């Protein structure tokens, strides 16, 4: 096995765990949904069992994602700098666009969570540009500093969280259909229960 194979293997294992935690499922619950034993799932997540293609297909289905997204490798160029169009006085950030994108302007006032268990992973793709301030993007094992006018594009299957470095930060977030749905599920899970009428 090459070093790249080992890195992909570890990435897939972290994604499986992150997706399970993001859904709020125990090992037992995901094992039941995927029709594998709890000990097998635990050994898969912890790297003590070889990853088998047939198991990855079943786990991807149980986690409501595709095998392609489960094994997608991280892009090296996550942070993007704008190109200036001096004639029009514009800054442009190239992105991969597709139908069904959602654009949201957000004001961040808190740093990203220090607990890796609070990072989320879900199907989809996300793009953001920092309008003011400095954002910190936690992406898998990486901590990326994104300054005003820089942009980042990443698959949301990587465990991720975003916050501000110090002081307020404004970002423009662009989510594909799957990423927006993943964030909406997360918002519903963290909403406090409403009192009965």
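The values are calculated or read from the model by the stated rules, or taken from the named source; none is laboratory data. Since the model is a prediction, treat every value here as computed from it, not as a measurement. Here the Cβ is made from the backbone with ideal geometry for all residues, glycine too, and neighbour counts use every protein chain on show.
Scan 69, 55 and give me the residue that is closer than 30 Å to residue 147 by Cα and either at pLDDT below 90 or assigned by TED's automatic domain parsing to the domain that holds residue 13 (or both).
Details: 55 fails: closer than 30 Å to residue 147 by Cα.
Result of the check over 69, 55: 69.
I'm trying to understand the selection: among the residues of the range 140-153, which are closer than 18 Å to residue 178 by Cβ and buried (at least 22 other Cβ atoms within 10 Å of the Cβ)?
Of everything in the range 140-153, just one residue is closer than 18 Å to residue 178 by Cβ and buried (at least 22 other Cβ atoms within 10 Å of the Cβ), namely 152.
Would you check if there is a residue in the range 40-51 being closer than 17 Å to residue 156 by Cβ, within 19 Å of the chain's Cα centre (by Cα) and at pLDDT 70 or above? Before the answer, list the steps.
Of all residues in the range 40-51, those closer than 17 Å to residue 156 by Cβ come to none.
No, that holds for no residue.
Give me the residue from the range 128-164 that is touching a residue at least 40 places away in the same chain (Cβ under 8 Å) and in contact with a helix residue (DSSP H, G or I) (Cβ under 8 Å, 6 or more places away or on another chain) and, out of that set, farthest from residue 102 (Cα to Cα).
This residue is 140.
Just to verify a result, which residue in the range 117-139, among those that are surrounded by fewer than 15 Cβ atoms within 10 Å (Cβ to Cβ) and under 17 Å from the mean Cα position of the chain (by Cα), is farthest from residue 165 (Cα to Cα)? Break it down into steps so the answer makes sense when it comes.
Step one: filter the range 117-139 for residues surrounded by fewer than 15 Cβ atoms within 10 Å (Cβ to Cβ), giving 117-118, 132.
Now drop any that are not under 17 Å from the mean Cα position of the chain (by Cα), which leaves 117-118.
Values: 117: 20, 118: 18 Å.
Out of the qualifying residues, it is 117.
Among the residues of the range 59-71, how many are part of a helix (DSSP H, G or I) and surrounded by fewer than 16 Cβ atoms within 10 Å (Cβ to Cβ)?
3
So is residue 123 in contact with a strand residue (DSSP E or B) (Cβ under 6 Å, 6 or more places away or on another chain) and closer than 14 Å to residue 180 by Cα or not?
Values: in contact with a strand residue (DSSP E or B) (Cβ under 6 Å, 6 or more places away or on another chain): no; closer than 14 Å to residue 180 by Cα: yes.
Taking the combined requirement at face value, the residue does not satisfy it.
Residue check: is residue 74 exposed (fewer than 15 other Cβ atoms within 10 Å of the Cβ), touching a strand residue (DSSP E or B) at 6+ places or on another chain (Cβ under 9 Å) and either part of a loop (DSSP other than H, G, I, E, B) or at pLDDT below 85 (or both)? Before you say what the answer is, go through the steps one by one.
Working: exposed (fewer than 15 other Cβ atoms within 10 Å of the Cβ): no; touching a strand residue (DSSP E or B) at 6+ places or on another chain (Cβ under 9 Å): yes; either part of a loop (DSSP other than H, G, I, E, B) or at pLDDT below 85 (or both): yes.
So residue 74 fails the test.
Quick one: is residue 97 at pLDDT below 85, in the same structural domain as residue 128 (by TED's automatic domain parsing) and not in a loop (DSSP other than H, G, I, E, B)?
Values: at pLDDT below 85: yes; in the same structural domain as residue 128 (by TED's automatic domain parsing): yes; not in a loop (DSSP other than H, G, I, E, B): no.
No.
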